[in-house]
Structure formats: structure tokens, C-alpha cells
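A.B. asks: Pasting a structure below so you can have a look.
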Amino acid sequence: MSVSSAVGRTRVGPGFIAAYTLAQVGAFIGFVPLLGVLLPLKAGAVGADSAALLLSQAAVLGAATAALSHFIFGALSDRTRTRWGRRKPWILFGAGLTALSYGGVYLAQTGWQLICALIAFQIFFNMMFAPLQSIFADRVPDGQKGLVSAFVGVAYPAANLFAALVIAVALSDSGSRYLMVAAAMLCLVLPVLFWSLREVGVYPAKRDASGPLFSALSKKDFLRAFGSRLLIQTAIALNALYLLVYLQGPSDIGSALPGVRPEAVLGVLLAVATGVALLAGFATGLASDRWGGRKFYVASGGLLIAAGMAILALAPDWPGPLVGEIVYGLGLGIFTTADAALIAQVLPNRMTVGRDMGIMNVAVTLPQVAAPLAGILLLHGVGWSLPTVFGLSAALAVAGAVLVLRIERRL
């Protein structure tokens, strides 16, 4: 029995949507400032001579820990039976332990202490994040999945703004930065547990949440959705990883924009792409809820991402990068909103939502490791240029778009 056929028809109200959106913003604040600002600063402090290597080691081990922890805690929350529900206890304790784990990162004095502290953080964070993600499939009916997904799409850019304006600029004391991240995360995540979250249904015995751990991958539609997400997310990861290096490469950007540093150009491009993505995401969410056809929106988003990457590959001179990022941002907004809603609808079993969402999460975390490794191999081993790598990422996005169209169910 699929999740979409089992989930109740009760629509969620504005209170739930607002609280769940804020909880997602809080969760993203829980890791974006840490990984984007605090961890690089800490790596430079404890291993100044090898900060880049230390960050690479932390990224690989952290991503592996995150993927495994997300799967484990999603599965455990599926099998949990308490008077408070399946997901709430894990979110509550995970949030508290996540807040404490920042202390381990702050107090680390050596590279290995920092890596161990980051691994502990990833375990505790995913104790909270896996069941929080599962609530989307548990609670939101199919007819509102696009809308709620669009609101949740605000979480990442909001966390980026928090990291840039509050953590990087407004605060200068290291301890205050960690405390602010912990406080903001707790204040935004916890309210959904007490005021808005009603875990629906009386769930049967624990054995209904058991069975082969990776049984979802035997379902063709689930496997195709997984493959599509993996391919397109790899293209997205390559764009995020190498866009600044691309802007620093041979082009006329320096003469077209005299006196503007590549980092400033990057900031403009990211701001434009993010704004376009948010607008496209809300439009996609509303349209796909009303008229359906989510897999066609996912495919369209993938093709637009591919088009944006192709423009970057073929037109490095200004305004080529600007046009490319606008098209890319349009595709990103369409893809992320429609993909999140589609994934929640292809989950095969209501009783194993957390476990199956953990499997799907691998399609997001694996590209974070695969993209830098592929970049090292292709750029330094094979000798490819960055435009060629961007061309490869366009091909991956096209493959993902084609694959999602092979999903047999009408979604």
C-alpha cells in the first residue's frame, strides 16, 4: 500500500504549515552555519597548515555518518510506539542533543577531536532531522504536498541568510556564535511539537514497520525516483562546488565588470538564482497540487537545470553566467518543490516512511561526496576543463529528467 493511498484526507491548516516551515528553517539553521562558517573557521584554528585536508576529511566522514544516521533514526521512529507519537520523542531528544553537540565542536583542540565532534553532531542532528522529514509524508495530504514543499523550500535560503548576516557579520565572538545557532535551532524546531503536530492514525504493531530494510528499492517507481534524484542532485552539487572557480577562470568577466571581485559576482548570481528558485518553487507547488503531473514538473526542472549548466559551459563570457544561473535557478525551484512532493507520494509503505525517506536521503548526501571526488578525477586526473565538467553535469540532469518520466504511476 502506498503512502499516498494511505494518508488521511484531512487538510493541514495555516498553523501547521507555518510551524512546520519554521521547524524546517530551524533544522537548516542547525547545520548550514555550522558547516558553512563555523567548521571552516574551527578547522583553520586547530589545523592551520592542513585546514583544507581536514575539511575534506570532515566532509566525507560527516556525509557518510549523516546518510547512515538518517536511515537508522528514520527506521527507529517508524517502529516507535509512545503516547506522544512516533516522531515527537526523537525530534525532542535529537534537538536537545544537537544543541549540546555544538559544544564538542567548539571545544575541539585537534583535528581528530574536531572530526569526532562533527560525527557526533551528525548522529544527533539526524536523530532530529529524519523524523522531522518523515512528518511531511505522514501528515500532509497529496493535494497540499506541493504547497507545503514550496514553503519548506524557504528553509535553505533563510539559513544561508542567517549564517551570512548573523553568524558571519553580526557576531564576532566564537562562543556567542555557537550559542546563537543552538538557541535559534531550538526556538524554531520545538514549537511544532507542542502546538501544531498531530500524529495521525493509530498505528498497528511494530512488526508492520519491519521487513527487509531496503525493500523499497524493489519497487520500480521508488527506484526510478531515487535514480532521478541522484543524477540531478549530482548536477546541482557540481554547480555549487565549482561555480566560484569557474568565475575565476578565463573569460571577459574582469573587463565586463571592472573592479568587481569574482566572489562578489558569485554573490550576485546566487542571490538572483535563489530569488528565481523561490518564485518558481511556489508557482510549481500550487500548480502541481491543482493539476497534478508532478513527474513532468520534476523532468522540466531537470531539463532547465541542464540548460543552465549548458549555458555556463558554452558561454563563459558575460552575461552568459548570469543567463545560465537564471535558467538554472528556474529549474532548481521547479525541481526541488516537485521532487519533494513526488518522493513523498512514491513511498511504498505508510509504516516505513522514516526508513524509506532515509534511503531517499542517500540520493542527496551521496552527491555531496561524489561531486568533489569526481571533480578531482576529471579535472586533475583526466585533465578536463570546468566547462566540460559542467557539460557532464548537464548530461546527468537530462538523464535524471528522462528517468523520472518512466515512473508508471500517475503522479
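The values are calculated or read from the model by the stated rules, or taken from the named source; none is laboratory data. Only a predicted model underlies this, so the values are computations on that prediction, with no experimental measurement involved. Methodologically, a virtual Cβ is constructed for each residue, glycine included, from the backbone with ideal geometry; neighbour enumeration extends over all protein chains shown.
A.B. asks: I need the full set of residues from the range 321-338 which are among the hydrophobic types (A, V, I, L, M, F, W, C) and within 17 Å of Ala150 (Cα to Cα), in order please.
C.D. replies: Matches in the range 321-338: Leu330, Leu332, Ile334, Phe335, Ala338.
A.B. asks: With Val389, Val402 as the choices, which residue is farther than 20 Å from Ala225 by Cα, at pLDDT 90 or above and either in contact with a Gly (Cβ under 8 Å, 6 or more places away or on another chain) or surrounded by fewer than 19 Cβ atoms within 10 Å (Cβ to Cβ) (or both)?
C.D. replies: Details: Val402 fails: farther than 20 Å from Ala225 by Cα.
Of the residues listed, the single one that is farther than 20 Å from Ala225 by Cα, at pLDDT 90 or above and either in contact with a Gly (Cβ under 8 Å, 6 or more places away or on another chain) or surrounded by fewer than 19 Cβ atoms within 10 Å (Cβ to Cβ) (or both) is Val389.
A.B. asks: From the list Ala52, Ala66, Ala58, Ala19, which one is free of Cβ contacts under 8 Å to residues at least 24 places away in the same chain and either under 27 Å from Ser176 (Cα atoms) or in the same structural domain as Met185 (by TED's automatic domain parsing) (or both)?
C.D. replies: Result: Ala52 is the single residue among Ala52, Ala66, Ala58, Ala19 that is free of Cβ contacts under 8 Å to residues at least 24 places away in the same chain and either under 27 Å from Ser176 (Cα atoms) or in the same structural domain as Met185 (by TED's automatic domain parsing) (or both).
A.B. asks: Report, ordered by the first and then the second residue, all pairs with beta carbons closer than 7 Å, sequence separation of six or more or different chains, a first member in the range 238-249 that is closer than 11 Å to Glu263 by Cβ and outside the structural domain of Leu35 (by TED's automatic domain parsing), and a second member that is in a helix (DSSP H, G or I) and among the charged types (D, E, K, R).
C.D. replies: The qualifying pairs are Leu244/Glu263.
A.B. asks: Condition check: over 28 Å from Ala64 (Cβ atoms) and either outside the structural domain of Pro262 (by TED's automatic domain parsing) or surrounded by 22 or more Cβ atoms within 10 Å (Cβ to Cβ) (or both). Does Arg355 satisfy that?
C.D. replies: No, not satisfied.
A.B. asks: Can you tell me which residues in the range 168-188 are in contact (Cβ under 8 Å) with a residue 60 or more places away in the chain and over 24 Å from the mean Cα position of the chain (by Cα)?
C.D. replies: Ser174, Gly175
A.B. asks: If you don't mind, there's one more thing I want to ask. Tell me yes or no: at least one residue of the range 355-363 is within 30 Å of Arg87 (Cα to Cα), among the polar types (S, T, N, Q), touching a residue at least 24 places away in the same chain (Cβ under 8 Å) and in a helix (DSSP H, G or I).
C.D. replies: yes
A.B. asks: Does Leu303 satisfy the condition of being without any contact (Cβ under 8 Å) to a residue 24 or more places away in the chain and not small (Gly, Ala, Ser)?
C.D. replies: When the stated conditions are applied, Leu303 does not pass them.
A.B. asks: For Thr98, only one of the following conditions fails: (1) modelled with pLDDT under 95; (2) among the β-branched types (Val, Ile, Thr); (3) more than 18 Å from Arg139 (Cβ to Cβ). What is its number?
C.D. replies: Here Thr98 meets the rest and fails (1).
A.B. asks: Let me ask something else about it. State whether the residues of the range 362-377 include one that is surrounded by 24 or more Cβ atoms within 10 Å (Cβ to Cβ) and touching a Lys or Arg at 6+ places or on another chain (Cβ under 6 Å).
C.D. replies: Of the range 362-377, the ones surrounded by 24 or more Cβ atoms within 10 Å (Cβ to Cβ) are 367.
Filter again for touching a Lys or Arg at 6+ places or on another chain (Cβ under 6 Å), leaving none.
Checked the range 362-377: no residue is surrounded by 24 or more Cβ atoms within 10 Å (Cβ to Cβ) and touching a Lys or Arg at 6+ places or on another chain (Cβ under 6 Å).
A.B. asks: Would you say Thr110 is buried (at least 24 other Cβ atoms within 10 Å of the Cβ), over 18 Å from Ala18 (Cα atoms), among the hydroxyl-bearing types (Ser, Thr, Tyr) and touching a residue at least 60 places away in the same chain (Cβ under 8 Å)?
C.D. replies: No, not satisfied.
A.B. asks: Oh, and also: Would you call Ala27 part of a helix (DSSP H, G or I), buried (at least 20 other Cβ atoms within 10 Å of the Cβ) and at pLDDT below 90?
C.D. replies: Considered against the rule, which asks whether it is part of a helix (DSSP H, G or I), buried (at least 20 other Cβ atoms within 10 Å of the Cβ) and at pLDDT below 90, Ala27 comes out as no.
A.B. asks: Quickly run through the range 53-79 and pick out the residues that are among the hydroxyl-bearing types (Ser, Thr, Tyr) and surrounded by fewer than 19 Cβ atoms within 10 Å (Cβ to Cβ).
C.D. replies: Taking the range 53-79 and keeping what is among the hydroxyl-bearing types (Ser, Thr, Tyr), we get 56, 65, 69, 77.
Within the range 53-79, Ser56 is the sole residue that qualifies.
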